[in-house]
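Below you'll find the structure, written out as structure tokens, and then a few comments.
Computed from the coordinates by the stated procedures, all read-outs in this text should not be read as laboratory data. No experiment lies behind these values; they were computed from the predicted model shown. All Cβ positions, glycine included, derive from the backbone under ideal geometry; neighbour counts span all protein chains shown.
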Amino acid sequence: MKKLFSSGAVAALALLGTQAQAVVAPIHLWTFNDGTAKDQVGTLNGTVYGNSSISGGQLSLPGTTDGSGTRSYMGTATENITLTAMTLVSWVSLGTLNQGGGTALSIVNNAQQFNGIDYGEITAQQWANGSDYGNRSTGNDGGALATDTAKHMMAITYAANGTITMYKDGAQYGNVYTFAPFTFTDEHYLVGLRHDAGGNAMLTGSVDTAAVYAQALSASDISTLYAAGANGTLTAGAVPEPATWGLMILGFGGIGAALRLRRRETITA
């Protein structure tokens, strides 16, 4: 029997296995690139409070270091969708390492129960999954202490079974741990302030981009987001480029031709 598969066909099959993946899009995305806190993909436009401001595609968060005691943060209205599995992503720069209690992004319900990318509240200079009264948090999650104020991508995934994984710059940060799954049904989002009753413990620094996904992204997805950068598409998975689609079409044409030839040879044999 002859080998009738062309190199194009083989390439097409390989591409199907490696590149033709479904795209995962965020349900909320705040880039601040247009000078506002508009939700670029959803309907939860943010409102900037206190002394926070937006310029140069950044949400500036003065925290409490301005001495005014003003609550400075971004917040959204409430939505009513059910979320158990989710991913929170934020590109954040700290204004100072010596702070605690603010979040780069948090999801909060009307009872003030929340999940958030929390800095320095549980362990000094350590990022953690913040939660109401520590119900979904650990005292020390094993993550390396922050040593600089550069911009980093922080992300937390929440699986439907309650598994929580944190990432920094595309790599796992600290330990993976599991609590009882928690479902949000009346949620809003905050950047800077971990929850509405959180007093004046607000993040000092700036946030470039924040996004929410309605599923727990994989480690590969998180790596893809980090590689795309803060101004990337913030979508996970890959889709073929136009040239790739062309190669796949040619490959499938080759497969069809090979099958027709094989059928003729079988009939005449």
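A compact table of results
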item	result
Neighbour-count order for TYR133, TYR49, fewest beta carbons within 10 angstrom listed first	TYR133, TYR49
Gyration tensor verdict on region 183-227 (Cα atoms; rounded if a/c is under 1.5, prolate if a/b is larger than b/c, oblate otherwise)	oblate
Contour excess over end-to-end distance, with Cα ends at THR78 and TYR177 and 0.36 nm allotted per residue	32.8 nm
Estimated inter-spin distance, THR70 and ASN135, nm [label 7 Å along Cα→Cβ]	3.4
